[in-house]
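K.L.:
Below you'll find the structure I mean.
The values are calculated or read from the model by the stated rules, or taken from the named source; none is laboratory data. Just so you know, these numbers come straight off a predicted model, no measurement behind them. In this analysis, Cβ positions are derived from the backbone assuming ideal geometry, glycine residues included, and neighbour counts consider all displayed protein chains. SASA here: full protein model, heavy atoms, side chains in, ligands and nucleic acids out. Shrake-Rupley method; radii C 1.70, N 1.55, O 1.52, S 1.80 Å.
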Amino acid sequence: SCRVVVLISGSGSNLQAIIDQCHGRQGVEIVGVISNKPDAYGLVRAHHGEINTSCVIARKGEKRAEYDARLVAAIEAYQPDLVVLAGFMRILTEGFVNRYLGRMLNIHPSLLPKFTGLDTHQRAIDAGETEHGASVHFVTPELDAGPVILQAKVPVYEGDDATVLAERVHEQEHAIYPLVVKWFAAGRLKMRDELAYLDGEQIGASGYA
Ligand code: GAR
């Protein structure tokens, strides 16, 4: 089965969704969870699921390349086929990303290419968007710019604040991320020339939104 390592920084609700919907089934085995924050609640979720965990905590003054080298060592200890970024809030070096090209996924809380970066829910509200959502994509060196595999849309209602909108998006994240992990584990998902393919057919945001 497909050996999956999940990288987290916080709550780990997406990790939980993947544990609940595919771990130990569907050809998916979460072999490790790695956090850059020692107090991330996702580590507790991993322990409850009897999944091994590691922490790679940034040192004072440490260069990104040095941190990423330590992160690689922690990941490689699990010999994964797939690396899943699930709320891992660090910018990754090009060298790191290229090492896992085509076998690293991320979920981002916006309808990419809209609202890359941080604070996406408030920015969507401020921009007067009537639709918002989440995107699962392959990770490429440019931040939040890799080919989109699957998106989920949610409405933005008048009077929404960032908290309520984030909750609406989260619920959709928990549906789409496990699905994409299952696709990858089944060998149905590939990246080639910065494009994503499902069952050999090129896919993009519009096809599955
Ligand atoms: C998720 O909403 C995910 O889309 C976002 O962090 C949250 C993590 O929640 N990721 C990013 O913003 C990446 N830049 P979780 O820890 O409960 O899964």
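K.L.:
Could you work out the local net charge near E131, counting Lys and Arg as +1, Asp and Glu as -1, over the other residues with Cβ closer than 10 Å to its Cβ?
P.N.:
+1
K.L.:
Turning to a different aspect of this structure: Using the Cα gyration tensor of region 26-132, with a ≥ b ≥ c the square roots of its eigenvalues, what is the shape: rounded (a/c below 1.5), prolate (a/b larger than b/c) or oblate (neither)?
P.N.:
Prolate, because a/c is 1.5 or more and a/b exceeds b/c.
K.L.:
Considering amide H positions built from the backbone, and no H for Pro or chain starts, which residues 5 or more places from S35, or on another chain, come under 5 Å of its amide H?
P.N.:
I8, S54, C55, V56
K.L.:
Another question, then. Using alpha carbon centroids, what distance separates region 134-207 and region 1-77, in Å?
P.N.:
Using only Cα atoms, the two centres lie 20 Å from each other.
K.L.:
Between beta-carbons, use under 14 Å as the cut-off and find the net charge around E167, counting Lys and Arg +1, Asp and Glu -1.
P.N.:
That sum, taken over residues with Cβ under 14 Å, equals -3.
K.L.:
Next question. Could you report the accessible area of T53 in Å², rounded to 10, computed with a 1.4 Å probe on the protein chains as they sit in the structure?
P.N.:
That residue has around 50 Å² of solvent-accessible surface.
K.L.:
Just name one of N14, S54, Y67: the one whose Cα is farthest towards the positive end of the charge dipole of region 12-76 (beta-carbon charges, Lys/Arg +1, Asp/Glu -1).
P.N.:
Value computed over the given set: Y67.
K.L.:
State in Å² the accessible area per residue of the chain; use a 1.4 Å probe, count heavy atoms of protein chains only, and round to the nearest integer.
P.N.:
48
K.L.:
Let me ask another. When the dipole is taken about the Cα centre of region 25-133, and only Lys, Arg (+1) and Asp, Glu (-1) are charged at their Cβ, what size is it in debye, to the nearest 20?
P.N.:
260
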